[in-house]
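Please treat every number below as a calculation from the coordinates, not as lab data. Note that the coordinates shown come from a computational prediction; the quantities given were computed from them, not determined experimentally.
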Amino acid sequence: MRTVYSECPYAHCAYGAPGSRPPAQGRHAGPMDHASPQLSAPTRCFTQLLSATRRGARLARLLGVTELRSWGASEGLTERAEAVVAELAANAVFHGRVPGRCFRLTLVLDPSAGRLRVEVSDARGDLYPQIATGADGAGALRLGGRGLTLVTALADHWDCVPYPPSGKTVRAVLSAPAAEA
């Protein structure tokens, strides 16, 4: 048996009872001459697992620069991010290394918010980074310990959060003004 409808069987869902007319102009949403919303620039994201070696740290820096350039980021932002990625990746390799485990580089560029977030995650959650003070050693003569001081100078802020199950993530946020991003 075939059912024949004289009108759309779902008309009552949209306009009320079957056979009723659509609402008059302006009854629901008003005239349709308002400006349509503008879409903001898309958020870009890049993430890569790298070996916890010197080569992995170097590759993190090179991949970060390549990705930012492909996104059209300004040269100023790219240079600052390059230094931050290099320092955080070096810290992951020299201080956060666990044999057989990698580290993760993540870049998130949000042009509408005007910022770039750089994240480096490693497997050593028991050892959180600290900025070296002058009392730690021979001051200007020491060979290391100035990486996070550089990150502090280049980034708007940075922090460290747990990375389950046993690691940590060091995040740095760099401002990228709309003209720069």
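So if each residue of separation counts as 0.36 nm, and I subtract the Cα-Cα distance between Leu62 and His157, what length gain in nm does that give?
On the way: separation 95, 0.36 × 95 = 34.20 nm, distance 2.27 nm.
Contour length minus the Cα-Cα distance gives 31.9 nm.
Suppose the chain between Arg101 and Ile131 were pulled fully straight at 0.36 nm per residue; how much longer would it get relative to their current alpha carbon spacing?
Details: separation 30, 0.36 × 30 = 10.80 nm, distance 2.48 nm.
Separation in residues times 0.36 nm, less the Cα-Cα distance, equals 8.3 nm.
Could you calculate, for segment 37-91, the ratio of the Cα radius of gyration to the Kirkwood radius, expressed as Rg to Rh? Walk me through the numbers before you get to the answer.
Details: Rg = 13.0 Å, Rh = 12.2 Å.
Rounded to two decimals, Rg over Rh is 1.07.
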